[in-house]
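**Student:** Questions regarding the structure given below will be posed in turn.
The values are calculated or read from the model by the stated rules, or taken from the named source; none is laboratory data. Model, not experiment: these values are computed from the prediction. Every residue, glycine as well, gets a Cβ built from its backbone with ideal geometry; the counts of neighbours run over all protein chains shown. SASA here: full protein model, heavy atoms, side chains in, ligands and nucleic acids out. Shrake-Rupley method; radii C 1.70, N 1.55, O 1.52, S 1.80 Å.
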Amino acid sequence: MDASTRDACPARDAGHPAGGVADATPIVRVDGVTMRYANGVSALDGIDLDIPRGRLTTLLGPSGCGKTTLLKIIAGLIPPTAGTVAVNDRIVTGPGPDRALVFQDFALLPWATVLRNVAFGLELRGVPRAEREAIAAKYIRDVGLAGFEHQYPNQLSGGMRQRAGLARALAVDADILMMDEPFSAVDEQMRRKLQEDLLSLLQVEKKTVIFVTHSIEEAVYLSDRIVLLSRRPSRVSAIRDTGIAHDQPPDQIRRDRRYLDTVDEIWDTLKQYLQ
Amino acid sequence: MTARSILDHVPSGVSLLVWAALWELVGRFGGIDLIPPMSQIALTAIDIVQTEKFVTALAVTAQAFGIGMALAIVVGIPLGVLMGVWRPAERLLDVWVNIFISAPLTALVPALMPLLGIGQTTVVATVFLFAVWVLVIDTRAGIHHVGGSLLDMARLFGGSRTQIFFKVLLPGALPEILTGLRLAVVRGVKGVVIGQIIIALLGFGELFELYLQNFLMEEFWALVFVVFALAFVLVEAVGLVERRFDFYAGSR
Ligand SMILES: Nc1ncnc2c1ncn2[C@@H]1O[C@H](COP(=O)(O)OP(=O)(O)O)[C@@H](O)[C@H]1O
Ligand SMILES: [Mg+2]
């Protein structure tokens, strides 16, 4: 992407008339969601949350605060104890084709090649083999795994496995892409590269992304909006729009004054909960 | 080279040769009727395997083993799957499986004889009883072992129950099922020989009985070693298949 096109689209969602993040109609509404597991653990305590369409929203909170639980509830994998989740104004009762998830532990079938793994979401939907493999091959190229189509997951590094997980989620063309600490299992350098590549990909694939992490830097680097979750049982403790233009070259974001300020600010907010 | 590093390089088969040589010496100079020289046993073995009696015994044994194992597989794997996916089944059947897996089943064979007759059916039942439980247990373990996130993944992408079963659960449990199969073969081989020996009228049991009654120790030992070798080769062959699938057990 050259400088002139960059200037022409100052924000990721430039096509959206409303402009500001807060004004966009939310694609996901989380309403009073409470989760109490059968063993008595209270994970979530009345979460109210709107996820803006076409943006990257990050759920940021300490380990064990219930981030995965909240994602699974939005995904429709587990029903909440109380409250509702609505996607495009329809109450969630189970998984649906409008939501895809990238798993923290990759969740790749160890006995299937990268190609079959990436096509697996389409396979479950009954898409004919030739068609789904063509789609999968495209996304394998997009995430930078070209040439590894016929490898098995245990032949890949952690970073490459997660690229396959991402390709699988993109291949089903869901509106909402959820990512549960997708880069936490890879080393720091690979993590940065994956973050940069994710931003580049999202320039092309216009998606609503719900990203989960416990890393402040990762959250600020990637997000349009950050939702801070408190410790278990989790509540929304603050919401912060970063105002960072994510279409600038990925390495410039880390030098952006807003990036640095936001990291500091969030750290200040979080410190209060650490005592 | 130090003594230690020389020992590290000795092929494992050598201990068998040493043992055979010792046996040969004891057989030649020990003056024990029970232990004829190994070389004569080997020659006898070569003769025995060519006799019609042996070939018939082998066929009868293979038949009982084959049918018993087939039944164990057809019952054991589905039962293990059922216990793996359905809690009530697990709760109800667990105690039975645990009793039978640890029970000295040999004691049951005489009880089977009046029920099933003194013949092939009893041997088949013995093979089945010896083999089935470990298949149940390992299949169930394999199903439990399939990672929760794989099941979540399949559900998330819209998989139906049937799809999840055939595309995720069953292939995911395959390494454990194959381990169960190998152990079942080990137990099934014991079952078929024990069954035949207790009945003493069939297959190798008949031959063992014949040789011992007539104090034909060379023939007796020859048959013992041939049966050992057959069992060993069979189990190794299954182990070979099992190891081919090892690669994906490690990466779950
Ligand atoms: N299936 C479950 N049963 C019982 N407790 C659970 C279950 N899953 C998660 N928990 C508990 O709920 C809390 C939140 O878990 P999780 O959502 O995984 O947190 P996070 O993703 O933020 O690290 C943790 O204390 C965890 O132990
Ligand atoms: Mg988590």
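**Student:** State which residue is farthest from A:PHE183 (Cα to Cα) when the search covers only the range A:141-160 and only residues that are surrounded by fewer than 19 Cβ atoms within 10 Å (Cβ to Cβ) and without any contact (Cβ under 8 Å) to a residue 24 or more places away in the chain.
**Tutor:** Among those residues, the one meeting the criterion is A:GLY147.
**Student:** For the list (1) open to solvent by 60 Å² or more (accessible area, probe 1.4 Å); (2) in contact with a His (Cβ under 7 Å, 6 or more places away or on another chain), I need the number of the one condition that A:ALA134 fails.
**Tutor:** (2)
**Student:** Filter the range A:208-252 down to residues that are open to solvent by 10 Å² or more (accessible area, probe 1.4 Å), in contact with a Phe, Trp or Tyr (Cβ under 9 Å, 6 or more places away or on another chain) and within 16 Å of ligand 1 (Cβ to nearest atom) and give me whichever is farthest from A:ASP268 (Cα to Cα).
**Tutor:** A:ARG231
**Student:** Hey, A:VAL263 hits all of (1) assigned to a helix (DSSP H, G or I); (2) touching a residue at least 12 places away in the same chain (Cβ under 8 Å); (3) under 29 Å from A:ARG36 (Cβ atoms) but one; which does it fall short on?
**Tutor:** (3)
**Student:** Further question on the same structure: Can A:GLU133 be described as farther than 18 Å from A:GLN162 by Cβ, within 13 Å of chain B (Cβ to nearest Cβ), among the acidic types (Asp, Glu) and free of Cβ contacts under 8 Å to residues at least 24 places away in the same chain? Lay out the reasoning, then the answer.
**Tutor:** Numbers: farther than 18 Å from A:GLN162 by Cβ: yes; within 13 Å of chain B (Cβ to nearest Cβ): no; among the acidic types (Asp, Glu): yes; free of Cβ contacts under 8 Å to residues at least 24 places away in the same chain: yes.
Considered against the rule, which asks whether it is farther than 18 Å from A:GLN162 by Cβ, within 13 Å of chain B (Cβ to nearest Cβ), among the acidic types (Asp, Glu) and free of Cβ contacts under 8 Å to residues at least 24 places away in the same chain, A:GLU133 comes out as no.
**Student:** Hey, A:VAL186 hits all of (1) of a type in the set (Val, Ile, Thr); (2) modelled with pLDDT under 95; (3) closer than 14 Å to A:LEU56 by Cβ but one; which does it fall short on?
**Tutor:** Here A:VAL186 clears every test but (3).
**Student:** Which residue is surrounded by the most Cβ atoms within 10 Å (Cβ to Cβ), if the candidates are limited to the range A:161-194 and must be of a type in the set (Asp, Glu) and away from every other protein chain (no Cβ under 14 Å)?
**Tutor:** So the first thing to find is which residues in the range A:161-194 are of a type in the set (Asp, Glu), and the list is A:173, A:175, A:180-181, A:187-188.
Going one step further and asking which of them are away from every other protein chain (no Cβ under 14 Å), we end up with A:175, A:187-188.
Details: A:ASP175: 18, A:ASP187: 11, A:GLU188: 8.
Once the filter is applied, the top-ranked residue is A:ASP175.
**Student:** Let me ask something else about it. Being in a helix (DSSP H, G or I), within 14 Å of chain A (Cβ to nearest Cβ) and at pLDDT 90 or above, is that true of even one residue in the range B:181-194?
**Tutor:** Taking the range B:181-194 first, the residues in a helix (DSSP H, G or I) are B:181-194.
Next, from what is left, pick out any that are within 14 Å of chain A (Cβ to nearest Cβ): none.
Looking through the range B:181-194, none of the residues is in a helix (DSSP H, G or I), within 14 Å of chain A (Cβ to nearest Cβ) and at pLDDT 90 or above.
**Student:** For A:GLY126, work out the one condition from (1) away from ligand 1 (no atom under 16 Å from the Cβ); (2) under 14 Å from the mean Cα position of the chain (by Cα) it doesn't fulfil.
**Tutor:** The one condition A:GLY126 does not meet is (2).
**Student:** So how many residues does the range A:51-79 have that are away from ligand 2 (no atom under 11 Å from the Cβ) and either in a loop (DSSP other than H, G, I, E, B) or not hydroxyl-bearing (Ser, Thr, Tyr) (or both)?
**Tutor:** Going residue by residue through the range A:51-79, those that are away from ligand 2 (no atom under 11 Å from the Cβ) are A:51-58, A:60, A:73-79.
So of that shortlist, the ones also either in a loop (DSSP other than H, G, I, E, B) or not hydroxyl-bearing (Ser, Thr, Tyr) (or both) come out as A:51-56, A:60, A:73-79.
Result for the range A:51-79: 14.
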